[in-house]
Amino acid sequence: MLADNNYTPPLVSVLMTAYNREMYIAEAIESVLASTYLNFELIVVDDFSKDSTVDIVRDFVKKDPRIKLFVNEKNLGDYPNRNRAAGYASGELLMMVDSDDTIFKDSIANCVALFQKYPTAYFGITCVNNDNMSILFSANEAIGNHFFKHPILMKGPGGTVIDRQFFHEIGGYPVKYGPVNDMYFNLKAASKTDVILIPFEYIYYRRHEGQEINNFKSYLYNSYRYLRDALVELDFALTKTEISWIDKKNKRRFVTNITKHLFITGSIVETGEVLKLAKFSFKDFLKGVFH
């Protein structure tokens, strides 16, 4: 087949990963197709679903050529699948709309306008309550504000927009921090580029029992691990005193949370498992207590 010389790649790639989302994915896709902005592609990557998710998406593919469906031959898991979806994308910007969420009609258009206005920024994150803050932050400003003023980098993938090439340059999402891989990723991205604080919500987040956010045990130890590692591995342009303060605060938070977990579950065995998975030593415990 001859190449189409008139083909123009879409500016935006909307990434939608899915696993057993037959109840929600049609509504998610319809919300993207209803966007006022038209120059996009919708990449749907099914992670070896056992229900009718794929059949539902195939029906949409027949009706709109902007939708591209890929089906994994085995289940990869959440963040490996997000990385795979990004690998299929051709747009300059990546936006994530999870298959159980919906996007507002003007969301893509408004996000594109911000990135066109601030071309030095390769990463954007929603920050609605940003009174008296600028829209554009340098990397140092974003990291400093996050750790010492407002935790502005605590949004999931659906609350971020990123330049596709930049996404690949920084290695995509890590895959070893379970449900909080996005938290490490946000810190890494923000430390390497100007950051747009998107002053509006553009996703409707649906809450239901089948979400990873309900995996409290995994959240507990991974929330400690990702920040512990980030403080060592990422260049935050912070002083040793500032790094030490954040590290001790992280340890104290974990001590508080693991203590609450013990009281709630009453399980010494499970609490011990969490401590082991977090690689949290008695020395770490003392630092947390006496922070």
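The values are calculated or read from the model by the stated rules, or taken from the named source; none is laboratory data. For clarity, every value in this text was computed on a predicted model and none was experimentally measured. All Cβ positions, glycine included, derive from the backbone under ideal geometry; neighbour counts span all protein chains shown.
Within region 157-205, the residues that satisfy the criterion of being over 15 Å from LEU93 (Cα atoms) and polar (S, T, N, Q) are ASN181, ASN186, SER191. Of the numbered criteria (1) surrounded by 16 or more Cβ atoms within 10 Å (Cβ to Cβ); (2) of a type in the set (A, V, I, L, M); (3) at positive phi, the one VAL274 fails is (3).
Looking at region 142-163 only, could you name the residues that are farther than 20 Å from VAL112 by Cβ and either within 17 Å of the chain's Cα centre (by Cα) or crowded, with 18+ Cβ neighbours inside 10 Å (or both)? Working first, answer last.
Within region 142-163, the first condition is being farther than 20 Å from VAL112 by Cβ, and the residues that meet it are 142-154, 156.
Passing the criteria: ALA142, ILE143, ASN145, HIS146, PHE147, PRO151, ILE152, LEU153, MET154, GLY156.
Looking only at region 79-90, decide whether some residue is farther than 20 Å from ASP163 by Cβ, touching a residue at least 12 places away in the same chain (Cβ under 8 Å) and either in a loop (DSSP other than H, G, I, E, B) or outside the structural domain of VAL180 (by TED's automatic domain parsing) (or both). No: region 79-90 contains no residue that is farther than 20 Å from ASP163 by Cβ, touching a residue at least 12 places away in the same chain (Cβ under 8 Å) and either in a loop (DSSP other than H, G, I, E, B) or outside the structural domain of VAL180 (by TED's automatic domain parsing) (or both). Condition test on VAL61, is it free of Cβ contacts under 8 Å to residues at least 12 places away in the same chain and either in contact with an Asp or Glu (Cβ under 8 Å, 6 or more places away or on another chain) or not acidic (Asp, Glu) (or both)? Considered against the rule, which asks whether it is free of Cβ contacts under 8 Å to residues at least 12 places away in the same chain and either in contact with an Asp or Glu (Cβ under 8 Å, 6 or more places away or on another chain) or not acidic (Asp, Glu) (or both), VAL61 comes out as yes.
Residues are listed down the side, and each one gets a yes or a no for (1) at pLDDT below 95; (2) outside any helix (DSSP H, G or I); (3) closer than 27 Å to ALA85 by Cβ:
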position: PHE123; (1), (2), (3): no, yes, yes
position: ASN130; (1), (2), (3): yes, yes, no
position: SER134; (1), (2), (3): yes, yes, no
position: HIS146; (1), (2), (3): no, no, yes
position: HIS150; (1), (2), (3): yes, yes, no
position: LEU153; (1), (2), (3): no, yes, yes
position: ILE162; (1), (2), (3): no, yes, yes
position: GLN165; (1), (2), (3): no, no, yes
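Scanning region 170-209 for residues that are touching a strand residue (DSSP E or B) at 6+ places or on another chain (Cβ under 7 Å) and among the hydroxyl-bearing types (Ser, Thr, Tyr) yields THR193, TYR202, TYR204.
Which is surrounded by fewer than 20 Cβ atoms within 10 Å (Cβ to Cβ), closer than 14 Å to ASP182 by Cβ and either modelled with pLDDT of 85 or more or not aromatic (Phe, Trp, Tyr) (or both), of TYR205, TYR226?
TYR205
Under the condition of being in contact with a Gly (Cβ under 8 Å, 6 or more places away or on another chain) and over 24 Å from ASN81 (Cα atoms), the residues counted in region 30-51 number 0. Scanning region 1-22 for residues that are hydrophobic (A, V, I, L, M, F, W, C), part of a loop (DSSP other than H, G, I, E, B) and either modelled with pLDDT of 95 or more or within 15 Å of ALA85 (Cα to Cα) (or both) yields a total of 1. Annotation: MET95 fulfils all but one of (1) under 28 Å from GLU141 (Cβ atoms); (2) free of Cβ contacts under 8 Å to residues at least 60 places away in the same chain; the unmet one is (2). Any residue at all in region 31-48 that's outside any helix (DSSP H, G or I) and touching a Cys at 6+ places or on another chain (Cβ under 7 Å)? No, that holds for no residue.
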